[in-house]
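These notes concern the structure reproduced below.
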Amino acid sequence: MKLLRLKLNVPFRSLAAGFEVKFLDDWNWSRSFKMSDDYRRCFDFHPYCLAGRNGSGKSNVLEALAAIFFHIECIYLEYRPDGFEFDPADNPYGFRAEVATPDAFELEYLIPNDRIVPREPWPKQDDWPVFHIRIVKQVGQRPVIHWLNQLRSGEVTETELTRAEVKAYLPTFVLGYSSGHNEILSLPFFKMRFIHFDEYRQHLVEDKPHSGRPEGRMIYLDEQFSYAILLAHFLFPCRAVTTVFKDKIGLNGIQRFRIIIRRYFQLNVAEERIKSMPREQQKGDAKPQVELTTKLAGLIEKLIKCSTAHYEDSSPYADDESVDLYLDYWVNDETRKAFRYHFGEGVGGSEELSGAASALNFFQSLQTLLTLNLYKVDEQTKIELYRSGSLYVNETIPTPASHERIIRFKEGELLKDGVPGTIYVKSLSDGEHQLLHTIGLCLLFRHQPALFLLDEPETHLNPDWRASYISTLRQALEADEATSHVMREVLLTSHAPFIISDCRKENVLVFEKNEDGKVEWHNPDFNTFGASANAITVKVFGQQETIGDYALDALNKLRLNLEEGADPDKLIDRAGSELGDSVEKVIFINQALNKKEGK
């Protein structure tokens, strides 16, 4: 998908009512669109970089988009859990399609027309390679979603989409990442995780088959999910993964790892199971229980068949029927062959496409298992989360101890250049983890028309990796020929001049607050692409000096001494011995020399 514009008609966080961001706003829709530059721009990779000082409001745009797509997604989910829906008596703060945060907005984007065959009187699919979608929500009303169709006459018609069509023309995935504790960005993603868990739980209660993957399309990257992404890439290696992981970090693969799955844990579902039984069976004091991983028995069996060795240990669970299933993997060609057999996805076109689809399939299998770790959250906490706008999500959701989790990863040993033997995944630096997480996320979903929301993805990177971050991202999202036909959107926030220097001027949005405290944005008034870090620091972040404040204070004292008549030669010597090289130091020395020569 490609964003066109977002307008908020009510306040949202620091963004005032009427705030509007224009993305691909100057595009030209015409009958010759397939041959136009604007059509090609839909498939080019040019990330949007939202830059500005801390607190300037740039992250609020990502948060608004996450909240909007969460709301739209919830409206059209086939399953929504009990305690989630609005009820005037029992749940007055529950979900309603008519009430959202933000509660009034306009969102327009382009999406490929390759999901469903348009209904009459729409033109043939070949005539419309992309659709223009507009979502409008007014206060207290359900969002209205239209396809905008420009006819041969030039007239634009609005066709309201059916339920099936809306689901087809949303981005396939909305993917979130934050380097810090951005609870507002993560909140809708965490809500969706609980919906995924409740969806699975309901299949248990009603004893219905489960597909092994969640219905919702929102995925947030944290430590556990990052491990799953790492495994998916190393078990289904491809040229793109090798290029990025080996060239940038020196990683040659994973030598071994362990997955521990808690089995035979009995989940009490008495009330729900009894309600789902025929009336004549709803008698007695029975308290039905179900084994939590029952619906994933086939998946677990595949993991067992791929393992090098496995065993069960019941000793940690003397008081219940649980056992820990230990799955150990020594990774070699035979191991990868086993994973390809059990999790491989055949996709026409190339081995690269099939490998990428297989990696994604394996990740989604682990995603469902990881979702089961939410089993300890009680119903009241869950209900409160569903209707929450809290900034303290992580403080209210209990994290199960390691031995209480349904799935956990252990003993991951990586092969790395320059390191004898192997190193544990946990021993990688913060910067290495961050690069693997964010680039790995983009690699995994590189063939999907997805929306990537990356909040400061470079904070832990060294200057060299910051300078090459966009080019590395480009390597990931333009990894093979098939990616040139994918329409995806990447929004990232950043304080790094190197990131901005690799972005086109029209893709850099500079955020700042005016004198009234109102958030505004503008494109830079200079060419950012290839601009120096110093120029960007001055023009985008308003930082006139290139050295730190403490060093600047020392330099200013030397300037004051010069003005008061101190010996210029001695001051030049002090500057040379006390201060490193900088533009400010050179300017001071020139001032001292001029003073010495009486200029």
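The values are calculated or read from the model by the stated rules, or taken from the named source; none is laboratory data. Given the structure is predicted, the values throughout are model-derived calculations rather than measurements. Please note: Cβ atoms are built from the backbone with ideal geometry, for glycine as well, and neighbour counts cover all protein chains shown.
Considering every residue within segment 88-101, establish whether at least one is at pLDDT below 95, in contact with a strand residue (DSSP E or B) (Cβ under 7 Å, 6 or more places away or on another chain), surrounded by fewer than 16 Cβ atoms within 10 Å (Cβ to Cβ) and not acidic (Asp, Glu).
Within segment 88-101, none of the residues are at pLDDT below 95, in contact with a strand residue (DSSP E or B) (Cβ under 7 Å, 6 or more places away or on another chain), surrounded by fewer than 16 Cβ atoms within 10 Å (Cβ to Cβ) and not acidic (Asp, Glu).
So which residues in segment 227-247 are surrounded by fewer than 19 Cβ atoms within 10 Å (Cβ to Cβ) and either part of a strand (DSSP E or B) or not acidic (Asp, Glu) (or both)?
Once the filter is applied, which keeps residues that are surrounded by fewer than 19 Cβ atoms within 10 Å (Cβ to Cβ) and either part of a strand (DSSP E or B) or not acidic (Asp, Glu) (or both), segment 227-247 yields Pro237, Arg239, Thr242, Thr243, Lys246.
For segment 253-262, check the following and say yes or no: at least one residue is part of a strand (DSSP E or B), in contact with a Leu (Cβ under 7 Å, 6 or more places away or on another chain) and modelled with pLDDT under 85.
Checked segment 253-262: no residue is part of a strand (DSSP E or B), in contact with a Leu (Cβ under 7 Å, 6 or more places away or on another chain) and modelled with pLDDT under 85.
Do any residues in segment 437-449 that are assigned by TED's automatic domain parsing to the domain that holds Trp465 have Cβ atoms under 8 Å from those of residues that are hydroxyl-bearing (Ser, Thr, Tyr) and part of a helix (DSSP H, G or I), where the two are at least six apart or on different chains, and which pairs are they?
Within 8 Å, the pairs are His437/Ser226; Ile439/Thr472; Gly440/Ser226; Arg446/Thr483; His447/Thr483.
Could you check segment 418-448 and list, in sequence order, the residues that are part of a helix (DSSP H, G or I) and of a type in the set (A, V, I, L, M)?
Of everything in segment 418-448, those that are part of a helix (DSSP H, G or I) and of a type in the set (A, V, I, L, M) turn out to be Val425, Leu435, Leu436, Ile439, Leu441, Leu443, Leu444.
Is it the case that segment 500-514 has a residue that's in the same structural domain as Gly18 (by TED's automatic domain parsing), farther than 29 Å from Ser468 by Cα and modelled with pLDDT of 85 or more?
Yes; the residues of segment 500-514 include at least one that is in the same structural domain as Gly18 (by TED's automatic domain parsing), farther than 29 Å from Ser468 by Cα and modelled with pLDDT of 85 or more.
Cβ-Cβ distance below 7 Å, separation of 6 or more or different chains: which pairs start in segment 72-83 with a residue that is within 15 Å of Glu379 (Cβ to Cβ) and end on one that is crowded, with 17+ Cβ neighbours inside 10 Å and acidic (Asp, Glu)?
Cβ pairs passing all conditions: Pro81/Asp198.
Would you mind finding the one in His210, His203, His196 that is closer than 25 Å to Gln289 by Cα and buried (at least 22 other Cβ atoms within 10 Å of the Cβ)?
Result of the check over His210, His203, His196: His196.
Could you say whether any residue in segment 407-417 is part of a helix (DSSP H, G or I) and either in contact with a strand residue (DSSP E or B) (Cβ under 7 Å, 6 or more places away or on another chain) or under 28 Å from Glu489 (Cα atoms) (or both)?
no
Output the residue which, of all residues in segment 472-518 that are in contact with an Asp or Glu (Cβ under 7 Å, 6 or more places away or on another chain) and acidic (Asp, Glu), is farthest from Asn60 (Cα to Cα).
Asp480
Are there any pairs, at least 6 apart or on different chains, whose C-beta atoms fall under 8 Å, with the first in segment 576-599 and more than 20 Å from Glu564 (Cα to Cα) and the second part of a helix (DSSP H, G or I) and polar (S, T, N, Q), and if so, which?
Qualifying pairs under 8 Å: Val583/Asn534.
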